[in-house]
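Here is the structure we will look at, set down as C-alpha coordinates.
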Amino acid sequence: MKNLVLAIALGSIAIANPVSSAFAAPAPCENVLKDVRAAEAAAKLSDADKTKVSELEIKGIERCNADDDKRADEFFAQAMKIMGK
(Lines give C-alpha, C1' and ligand atoms only; values in the text may rest on other atoms or scores of the structure.)
Protein backbone atom coordinates (compact mmCIF):
# COMPACT_ATOMS: atom_id res chain seq x y z
CA MET A 1 0.00 0.00 0.00
CA LYS A 2 2.85 2.40 0.86
CA ASN A 3 4.45 1.71 -2.50
CA LEU A 4 1.19 2.47 -4.30
CA VAL A 5 0.81 5.77 -2.46
CA LEU A 6 4.45 6.63 -3.23
CA ALA A 7 4.00 5.74 -6.90
CA ILE A 8 0.88 7.91 -7.15
CA ALA A 9 2.65 10.81 -5.41
CA LEU A 10 5.67 10.58 -7.70
CA GLY A 11 3.44 10.35 -10.75
CA SER A 12 1.59 13.47 -9.64
CA ILE A 13 4.87 15.33 -9.21
CA ALA A 14 6.04 14.26 -12.66
CA ILE A 15 2.82 15.50 -14.25
CA ALA A 16 2.80 18.78 -12.32
CA ASN A 17 6.47 19.48 -13.04
CA PRO A 18 7.29 18.64 -16.64
CA VAL A 19 10.84 18.00 -17.74
CA SER A 20 12.97 21.11 -17.57
CA SER A 21 13.30 23.18 -20.72
CA ALA A 22 16.93 22.07 -21.01
CA PHE A 23 15.63 18.63 -21.90
CA ALA A 24 12.57 19.73 -23.85
CA ALA A 25 12.50 19.53 -27.61
CA PRO A 26 13.44 22.74 -29.41
CA ALA A 27 10.69 24.82 -30.94
CA PRO A 28 10.15 24.26 -34.66
CA CYS A 29 12.69 26.57 -36.27
CA GLU A 30 10.18 27.72 -38.90
CA ASN A 31 8.00 29.16 -36.12
CA VAL A 32 10.92 30.84 -34.40
CA LEU A 33 12.05 32.33 -37.73
CA LYS A 34 8.60 33.92 -38.15
CA ASP A 35 9.03 35.54 -34.72
CA VAL A 36 12.52 36.79 -35.63
CA ARG A 37 11.29 38.31 -38.88
CA ALA A 38 8.35 39.99 -37.17
CA ALA A 39 10.62 41.44 -34.48
CA GLU A 40 13.13 42.53 -37.11
CA ALA A 41 10.43 44.35 -39.09
CA ALA A 42 9.38 46.29 -35.99
CA ALA A 43 12.87 46.92 -34.57
CA LYS A 44 14.84 50.11 -34.98
CA LEU A 45 18.38 48.83 -35.27
CA SER A 46 21.70 50.42 -36.06
CA ASP A 47 23.37 49.32 -39.29
CA ALA A 48 25.82 47.20 -37.28
CA ASP A 49 23.02 45.46 -35.40
CA LYS A 50 21.05 44.91 -38.63
CA THR A 51 24.12 43.19 -40.07
CA LYS A 52 24.54 40.98 -36.98
CA VAL A 53 20.86 40.03 -36.97
CA SER A 54 20.96 39.26 -40.69
CA GLU A 55 24.05 37.05 -40.28
CA LEU A 56 22.46 35.16 -37.40
CA GLU A 57 19.24 34.76 -39.37
CA ILE A 58 21.17 33.30 -42.32
CA LYS A 59 23.02 30.87 -40.04
CA GLY A 60 19.72 29.90 -38.40
CA ILE A 61 18.07 29.28 -41.76
CA GLU A 62 20.99 27.09 -42.83
CA ARG A 63 20.63 24.97 -39.67
CA CYS A 64 16.84 24.93 -40.04
CA ASN A 65 17.17 23.62 -43.61
CA ALA A 66 19.49 20.91 -42.25
CA ASP A 67 16.76 19.87 -39.75
CA ASP A 68 18.91 21.07 -36.84
CA ASP A 69 16.17 22.97 -35.00
CA LYS A 70 18.17 23.22 -31.78
CA ARG A 71 21.10 25.06 -33.37
CA ALA A 72 18.78 27.13 -35.57
CA ASP A 73 16.82 28.24 -32.51
CA GLU A 74 20.09 29.19 -30.79
CA PHE A 75 21.04 31.50 -33.69
CA PHE A 76 17.53 32.96 -33.73
CA ALA A 77 17.66 33.53 -29.96
CA GLN A 78 20.92 35.45 -30.36
CA ALA A 79 19.28 37.61 -33.03
CA MET A 80 16.30 38.25 -30.76
CA LYS A 81 18.65 39.24 -27.95
CA ILE A 82 20.29 41.86 -30.18
CA MET A 83 16.83 43.22 -30.94
CA GLY A 84 16.03 43.37 -27.23
CA LYS A 85 13.44 40.58 -27.35
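Per this entry, L33 is counted among residues that are modelled with pLDDT of 95 or more and in a helix (DSSP H, G or I). Checking L10, L4 one by one, the residue that is surrounded by 10 or more Cβ atoms within 10 Å (Cβ to Cβ) and at pLDDT below 50 is L10 and no other. Taken together, the criteria exclude A41 from residues that are in a helix (DSSP H, G or I), without any contact (Cβ under 8 Å) to a residue 60 or more places away in the chain and surrounded by 13 or more Cβ atoms within 10 Å (Cβ to Cβ). Only residues that are within 19 Å of A77 (Cβ to Cβ) and at pLDDT below 55 were counted across the stretch 13-30, and they come to 4.
Can you spot a residue in the stretch 53-69 that is polar (S, T, N, Q), surrounded by 11 or more Cβ atoms within 10 Å (Cβ to Cβ) and modelled with pLDDT of 95 or more?
yes
The values are calculated or read from the model by the stated rules, or taken from the named source; none is laboratory data. What you see is a predicted model; the values in this text were computed from it and never measured. Don't worry about glycine lacking a Cβ; one is built from the backbone with ideal geometry, like all the others, and counts go over all protein chains shown.
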